[in-house]
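Asker: Submitted below is the structure of interest, expressed as structure tokens.
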Amino acid sequence: MKYLLEVCVDSVESAINAAAGGADRLELCSGLAVGGLTPGVSLYRQVREACGLPVHVLLRPRFGDFCYTDREFDQILRDVELFRGLGADGAVIGILRPDGSLDQERMRLLMEAAAGMKVTLHRAFDMCRDPFAALETAVELGIDTVLTSGQKNSCMEGEELLAELVKKSRDRICILAAGGVDEAAVAELSAKAGITRFHMSGKVIRNSGMLYRTDGVHMGLPGLSEYEVLLTDARKVRAAKQALMRAEDFSVSAVMRYYYRAMPAEDRANYPETVWEAYARHAVFLMEQGPFRKEVPAELFLPYVAYYRINEEEIEDCRRFFYEQVIERIRGLDMEQAILEINLWCSGQASYRASDTRTASPLAVYRSGLGRCGEESVFLASVLRSVGIPARQVYVPRWSHCDDNHAWVEAWCGGKWHYLGACEPEPVLDRGWFSSAASRAMMVHYRWFSPDPPDGEVCKTEGSVRLINRLPHYASAVEAVVQVMDGDRPAAGAKVLFQILNESAFYTAASAAADENGIARMKLGRGNIHVHAVLDGRCAWADLNLSQSTELTLRLDQDAPIGRWEEFECAAPLGISTPPDSESGSGQPGWEVKYAAEQKHWQDKMARYRQDARIDRIASFCIHKDSITAILKEAYGNLEELMAFLLPAGVQKEQELKENMLFCLSSKDYRDVKAKILNAHFEELKDKETEYSRQINAGYLVNPRVHTETLTAYRRKIEDFYNDGDRGRINIPAQRFTPELLWNDICSRIADPAGSGYQNLITLPAACLRTGQGNDLSRRILFVAACRTFGIPARLAETDLQPEYYEGGSFHRMKDSKKTSCLTLHNVSGTEWVSPSNWSLSRLESGEYIPLNLSGSQWEHDRLSLPLMPGRYCLITANRLPNGSIRAARQEILLADGENGTVKLHWPHADLKDLLTSLPLPPVPLAALREPAASAALPGLSEALWIWLEEGKEPTEHVLNELAACAGRINRSDICIRLLIGSPGAADNPSVCRVLEMIPKSGLYLCDFSKYAEPVCRSLYMEPGRLPMLYAQAGPNTVYAVSGYRVGSVETALSCIKEALKESAL
């Protein structure tokens, strides 16, 4: 590290304050009031426990000069050996001869004793006769650093000599400026003397707590009061550190060094250095000229402003672009106002749209105008960072009261972190539709990419990335204490997983390693948590209700019943009406008008995209005109890229290939794919003949996408790699080549980066081969990409992402993952089984259960046959209740090689009273914009689902998506859908229009929300002020009601109507 701030401390409290202020290193001493003396071992150990900073120990046996007796020298020598044995990072020493020269012989003996430690020559240097001779002696001895004030009382007075010492050091030794160092000195000396390393104490005087005082008695030097304590002030340290960061030659080098320290291995492999340089250049600009450069603490700047990654998004240079978009809007605003204004701007650029799990780049979200919550939050955090505001993404990995997750943003201002919904602006901070939901969470976290110690409890580690527990800031939390036993001994090192039942499977929300006593601790919400412990492949599990008890003991290899259903219940935390830190103020005047303007801007932007006249012109040159038109309308801001790929139209065979390539991709791909990437694949494919059917050829050979990786032009690079015989690689064109041979080569060639990688990222195919690194999923993707490159159709299986290749009319697996067993499920309860909504199947791998993706499974006559690998499985069925709790059942299954197992699915029934309410239907004046179809005329309607919509907002989009998914069930029933909107313009919302088209028995009505929404909410015992609002009607009563989005609420409401009608017929 070229730039460094060392803080001299003589107490634990001062050490903690120095670390809080952003110190890079500590010099530990005692007696700082007399210039510093050798510290005690207990003080050293306490400081080590309290701080994660490097510690250099001052070794000075007494106050006074630096010419020592033999006994004093022996004391210093023994102290060097002592602190080296204790693990000190460095020793601070210095001995002079009587003539004022450096005592070279004794210093050499100390250097030998300090072998392996860094060594600083302390301010004995300022007492020597010839500073330049002493400097050369220090270099000759191998000393790392010279601590000096320029032989003056303060570094400012010694500026001239300091500048000369820097020049003569010529990077052979470091010059560490000391004596009166503060913010002003750092700014002055870094600019004029070229000093890059500073040593300060940052002292303030704290008055003694003694009430009784004896005046006139001195225990030490006259003039030193016995009733004053010197302490390091974090604010002084922080001010000096900020000055140092502003002064640092940030010309990218310092920021780049931080990037490479914090960078996951996948990023290093996937992206060119020019990307990091662009981010670093903008960070330098913000440090020098950013509007909030003087307000951001030094310790927040690198991880939360300068760092390029928010979560697992695709990386594009975007910071300067976003800065230019918003800087004029926030000019003259304070940080809080700027945060609110930027979120308002973001809401006019992008809105919620459900999509696949790949996280698009912030630029792609901006250009397309669409993103799911994880993408919107990455977008907002990126824009905030672009103007120098610390920001991070915060996640509920899984809700406990509904089947989903959610992400939002925290931004720093006014000395603390505040939350806000991304692209969902409010007039004040610390308010969002998710506030109450977060108070029911079992875990809330954010990601910490830096290798430096984080400022909170680590709740999970994902390779090089740590997840930091943020739950206590949103919900009532308790500490779960789990002891894992291996027989009668503590299972030290056992991995303890804290899991939430969500989408009918156990999802690991947090994890910790058991200590030497077999104990793991975690702060969690006050609901049910499933605890799973594993050590060396052996495991144990149990449920813990944290509202009743916080302690649990697990015993490895405990007997678990096989082939028998066991019912259990998962209760969600009750939540709190006003979450911690939530804001109830009204905010900015005129905010509603500004918000309406931003919403109109977004609507106009999306309309321009879909009504672009070029769409019809491009489609006119295509073979499949209607399908291509639909794709081009989904491109939104990416139309020019698709146009560059499709045009000019080639001969029919080539045009067919181009269009088939597009048909393979997702709607999100249409919004951010690059023509250059598609054209590279096209050029490699256009002259190759294929023997496979259109379906196999299109889906598994020409398709440029394998899974959720960033699309790249990998075919030529893979082919060149394997055709280069000089490197001892397998010869793909040879007759002996087989997919099995390719897979074995990849497994032996590509190493897992493990602790240096971020397990949620993918090393791209060509990068895997170039670097020889990639996690397990990256290897599988490389295999599929390589097979397709060499003309072999391949895919990752939907159920478990195992690689498969096509041969002889069917797909085949590798030998170690073949499905030689079968499990047949029988529906004996008449339940409509949908995975993962109400059932899941997980496979035990290395002691942990991994859910299979069975969402596409097709039942035939109440039977579902599942080809599976041999092994142990966990089958779970789940019944989510309106209060958020779950009635569930679990069965452990063992499948031997070749075995055909059978299981009758068990539905964990809930009593009607647990599901239903019975409240009078509230009367609401409505203006009909569209009535339901005649078969379900409104007069006399007795079965209906009422939904109050908030157009364009994420929760409403979720509900509309659920309605569309349930369209078949609704159309087969007598239930009518009544959609209520608060403004006529909402009638044109694409999602609303889609539901009206898919469900003829749906009506659209205009209602005065400002007048009726809250009374209706309160009359049905729902939380007011939260939309969408949904309630189910059976006869004259409401039988189910919920405000705010809850995953599966549409399906639950439909079931409640059905159950209520059954009950009334009895």
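The values are calculated or read from the model by the stated rules, or taken from the named source; none is laboratory data. Just so it is clear, the structure is predicted and the values come from calculations on it, not from any experiment. Quick reminder, even Gly has a Cβ in these numbers, built from the backbone with ideal geometry, and neighbours come from all protein chains shown.
Asker: For region 397-410, indicate whether the set of residues that are among the aliphatic types (A, V, I, L, M) and either at pLDDT below 95 or in contact with a Pro (Cβ under 9 Å, 6 or more places away or on another chain) (or both) is non-empty.
Answerer: So far as region 397-410 goes, no, none of its residues is among the aliphatic types (A, V, I, L, M) and either at pLDDT below 95 or in contact with a Pro (Cβ under 9 Å, 6 or more places away or on another chain) (or both).
Asker: Quick check on my filter: what residues within region 535-553 are in contact (Cβ under 8 Å) with a residue 40 or more places away in the chain, under 30 Å from the mean Cα position of the chain (by Cα) and in a strand (DSSP E or B)?
Answerer: Across region 535-553, the qualifying residues are Leu535, Arg538, Cys539, Ala540, Leu544, Glu551, Leu552.
Asker: How about region 772-788: which of its residues are crowded, with 17+ Cβ neighbours inside 10 Å and either modelled with pLDDT under 95 or part of a loop (DSSP other than H, G, I, E, B) (or both)?
Answerer: Gly774, Asn775
Asker: Something else now. If Ala19 passes every condition in (1) within 30 Å of Ser190 (Cα to Cα); (2) of a type outside the set (D, E, K, R); (3) modelled with pLDDT of 95 or more but one, which one does it miss?
Answerer: So the condition that Ala19 fails would be (3).
Asker: Out of region 675-715, which residues are in contact with an Asp or Glu (Cβ under 6 Å, 6 or more places away or on another chain) and either surrounded by fewer than 15 Cβ atoms within 10 Å (Cβ to Cβ) or modelled with pLDDT under 95 (or both)?
Answerer: Lys686
Asker: Considering only residues that are part of a loop (DSSP other than H, G, I, E, B) and within 17 Å of the chain's Cα centre (by Cα), which ones fall in region 380-429?
Answerer: Pro390, Pro397, Arg398, Trp399, Asp404, Asn405, Gly421, Ala422
Asker: Here's a follow-up. I need a count of the residues in region 604-656 that are within 18 Å of Ser666 (Cα to Cα), β-branched (Val, Ile, Thr) and free of Cβ contacts under 8 Å to residues at least 12 places away in the same chain.
Answerer: Here the count works out to 0.
Asker: Next question, about the same structure. Would you mind telling me which numbered condition in (1) over 33 Å from the mean Cα position of the chain (by Cα); (2) buried (at least 21 other Cβ atoms within 10 Å of the Cβ); (3) not in a loop (DSSP other than H, G, I, E, B) Pro39 fails?
Answerer: Against the list (1) over 33 Å from the mean Cα position of the chain (by Cα); (2) buried (at least 21 other Cβ atoms within 10 Å of the Cβ); (3) not in a loop (DSSP other than H, G, I, E, B), Pro39 comes up short only on (3).
Asker: So, of the residues in region 977-1006 that are in contact with a strand residue (DSSP E or B) (Cβ under 7 Å, 6 or more places away or on another chain), free of Cβ contacts under 8 Å to residues at least 60 places away in the same chain and within 14 Å of Ala928 (Cα to Cα), which turns out to be surrounded by the most Cβ atoms within 10 Å (Cβ to Cβ)?
Answerer: Result: Leu979.
Asker: Can you find a residue in region 347-362 that is assigned to a helix (DSSP H, G or I), of a type outside the set (Val, Ile, Thr) and farther than 23 Å from Glu273 by Cβ?
Answerer: The answer is yes; a qualifying residue exists.
Asker: Which one is surrounded by the most Cβ atoms within 10 Å (Cβ to Cβ), of the residues in region 893-907 that are hydrophobic (A, V, I, L, M, F, W, C) and part of a loop (DSSP other than H, G, I, E, B)?
Answerer: Going through the qualifying residues, I end up with Trp907.
Asker: Right, next: When you look at Glu299, is it buried (at least 17 other Cβ atoms within 10 Å of the Cβ) and of a type outside the set (Ser, Thr, Tyr), yes or no?
Answerer: Yes.
Asker: Within region 810-821, is even one residue within 23 Å of Arg887 (Cα to Cα), touching a residue at least 60 places away in the same chain (Cβ under 8 Å) and in a strand (DSSP E or B)?
Answerer: no
Asker: For Thr357, work out the one condition from (1) hydroxyl-bearing (Ser, Thr, Tyr); (2) buried (at least 23 other Cβ atoms within 10 Å of the Cβ); (3) over 11 Å from Cys423 (Cα atoms) it doesn't fulfil.
Answerer: Result: Thr357 passes all but (2).
Asker: Go through region 836-863 and report how many residues are part of a strand (DSSP E or B), of a type in the set (A, V, I, L, M, F, W, C) and buried (at least 20 other Cβ atoms within 10 Å of the Cβ).
Answerer: Total meeting the criteria: 2.
Asker: May I ask you to say which residue of Asn703, Asn660, Asn679 is polar (S, T, N, Q), in a helix (DSSP H, G or I) and closer than 28 Å to Gly772 by Cα?
Answerer: Asn679
Asker: Which of the helices (runs of 4 or more DSSP H) contained wholly in region 125-221 include at least 3 residues that are small (Gly, Ala, Ser) and over 20 Å from Lys236 (Cβ atoms)?
Answerer: Hits in region 125-221: 131-141.
Asker: Still on this structure, please answer the following. Which residues, taken from region 1-35, are surrounded by 20 or more Cβ atoms within 10 Å (Cβ to Cβ) and in a strand (DSSP E or B)?
Answerer: Once the filter is applied, which keeps residues that are surrounded by 20 or more Cβ atoms within 10 Å (Cβ to Cβ) and in a strand (DSSP E or B), region 1-35 yields Leu5, Glu6, Val7, Cys8, Val9, Arg25, Leu26, Glu27, Leu28.
Asker: Taking only pairs six or more apart or across chains, which ones have beta-carbon atoms under 8 Å, a first residue in region 848-867 that is among the acidic types (Asp, Glu), and a second residue that is crowded, with 18+ Cβ neighbours inside 10 Å and at pLDDT below 95?
Answerer: So the pair list comes out as Glu848/Cys539.
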